[in-house]
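See below for the structure under consideration.
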Amino acid sequence: MLDENEALLYVGKAKNLKKRVRNYFEGRHHGAHITRMVEQIHSVDWIGTASEAEALLLEQRLISKDRPKYNIIFRDDKTYAYVEISGHAFPRVAFHRGKRTSKSRLFGPYTDGGAIRANIDLIQKAFQLRTCQDPVFANRTRPCMLHQIGRCLAPCVGKVSKEEYAQAVTAAAGFLSGEDKSLIERMTKEMDDASEAMEFERAARLRDQIQLVSGSRGRQSIESRGTKNLDAIVVRVEGNEGAANCLMVRNGIVSGNVTQRFKLPEGATEAEAFDAFLSAHYSDNVPPPRLMVPFAPSDAIAEALQARAGGPIEWVFDQKGIERDWHDMSARNAQAALTQELGQLALWKQRQAELEKLLGLEDLDWIEAYDMSHHQGEGAVGAQVVYRDGAMRNKDYRIYNIAAENAGDDYASMKETIIRRCQGAESLPKLFLIDGGHGQVKKAQEALDLLNLSVPLVGVSKGPTRKVGDETLILGWSGAEVNPGKASPALLLIAAIRDEAHRFGITRNRKLVGKKRSMSHIENVEGIGPAKRKALLLRFGSAKAVGEASISELKSVPGISEELAERLKKALEIG
């Protein structure tokens, strides 16, 4: 649904599109927010998809990208992490976050990165699967340190057959899938067979694997007696603020939970929030066969999730026994998140009201802050962070890579950043915060004047101690200075937004500078040109891996002599 300016109002999906769209214009029992939306609709656009699952994914991509006014937007949605076993002939086990690949197998999801790393560590100890990247694997000529300490079977140099490595992969996959009992029984039989065949080394390795797998499951604190895969979902709403929690149970073990906060459009219901959560959460995750839910989803959502799961889904409304405990745990998490959100929102709104009073402005519910960051002109960036409706909006943050001629000049960088932000923009914030004094404010104001824009602009100049409370505010529209004082709630809001811009900018600057320097250390070594640099990176996969390689490993790269390897090693150690 689009308004007269072709701005997106709402994104939805339907198996019967004609019926769904007609219902908006002919229905008599819509909530107030739907009635207001229909009044603003100027045109309707549509995209055909091949399946309900594909429609679910496309809907979430569009909502996440364009943030339509009448959709429910989740504030802290995230990409979940998995343990990945790659589709290689000798698969690699690794931490995975982001896009799925068709050849890999993913186990999870996990909300705790520490749990993933613990599982990978145990897989290395128990099953000795490789963790190195493919370019490193393809170019090794001798086993690495992990093989020497019993954490890798060294398939890279043929220390294990393809069949035996495949058995280890199957066992690791069984462990990650929670098939403990059958896995231990199978490994015990293999150990006995190996012992009878006098293959004592293999029998000892299987014994160690059994002990590690048994011990790891003994440390799990929340288990059921049966084997179950389900998600327990609870939604809590108060006013137009809400929180949803999904507790993930895999093979009877709580593997993690995720909480997402959201704002309901006026008049929207808890059921609509529940549908929106299901759509958002399972656009990037495969639903388990059982879903514990507060009420039935809409037919469109149910069909889309079933298509995504590739089989039937059992919707559970009444919980008993341990399932009741899981439901209650999810409910406590959702309520705690909502309570925290309401408290934080009230605090930020109170500080926003104080800021409006201090500056003599109204409705400062959208503030953007800017900070320039560089290291002696290197990796120069302009950082933009966004405060909106009582919270920081991470998805709206932006980094501007500064042009070479302005790098190192904070004044010119500020002017460039504001021009690039505002030029051609459909909408602008109620206030710009500039981290800096009169010079930065003047340049930012010049940028606005150049574009004939009249957005209020305030500079935040640090005091002599550079501590919160000593700042001076510089009003862009008059040049006047204001000292709020340490006790000012308005200054606490300004400082929080300003500090977030500084954090965001310096993080990106360090990343750019670090990447450039790690590469330049290789390029600056005498005797290493583009061809040898390419050969080193192909052999080891990254500049960091080159630095960690031994002299003998460096020598194995064509064209790298012992003298050149020593020179390279010394340069990277210094860098």
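In this structure, Gln423 and Met198 have a Cβ-Cβ separation that, at R0 = 60 Å, corresponds to a calculated FRET efficiency of about 0.20.
Distance between the 7 Å Cα→Cβ label points at Asn240 and Ala496: 2.0 nm. Here the residues Trp348, Trp366, ranked from fewest to most Cβ neighbours within 10 Å of their Cβ, fall in the order Trp366, Trp348. When the chain is described by a simple charge dipole with +1 on each Lys and Arg Cβ and -1 on each Asp and Glu Cβ, the residue from Gln335, Met37, Gln440 located farthest towards its positive end is Gln440. For Gly256, the residues whose amide H sits under 5 Å from its own are Met248, ignoring neighbours fewer than 5 places away on the same chain, with H placed 1.01 Å from N. Applying 1/(1 + (r/R0)^6) with r as the Cβ-Cβ distance of Ala531 and Arg142 and R0 = 22 angstrom yields a FRET efficiency of 0.35.
Scaling against 2.2 N^0.38 Å puts the C-alpha radius of gyration of the chain at 1.17.
Put a plus charge on the Cβ of each Lys and Arg, a minus charge on the Cβ of each Asp and Glu, and nothing anywhere else: the dipole of segment 366-503 about its Cα centre is then about 320 debye. For segment 366-503, the Cα-based Rg and Dmax, in that order, read 14.1, 41 Å.
Spin-label pair Val157-Ser43: with each label point 7 Å from Cα along the Cα-Cβ axis, the two points sit 6.5 nm from one another. By the count of other C-beta atoms within 10 Å, a proxy for reagent exposure, Thr417, Thr507 are ordered fewest to most as Thr507, Thr417. Length gained on full extension, Ala118 to Ser552, computed as 0.36 nm times the residue gap minus the Cα-Cα distance: 153.1 nm. Taking label points 7 Å from Cα along the Cα-to-Cβ direction, Glu446 and Thr472 give a separation of 2.1 nm.
Every number in this text was worked out from the coordinates using simple rules, so none of it is lab data. Since the structure is predicted, the reported quantities are computational estimates derived from the model, not experimental observations. Methodologically, a virtual Cβ is constructed for each residue, glycine included, from the backbone with ideal geometry; neighbour enumeration extends over all protein chains shown.
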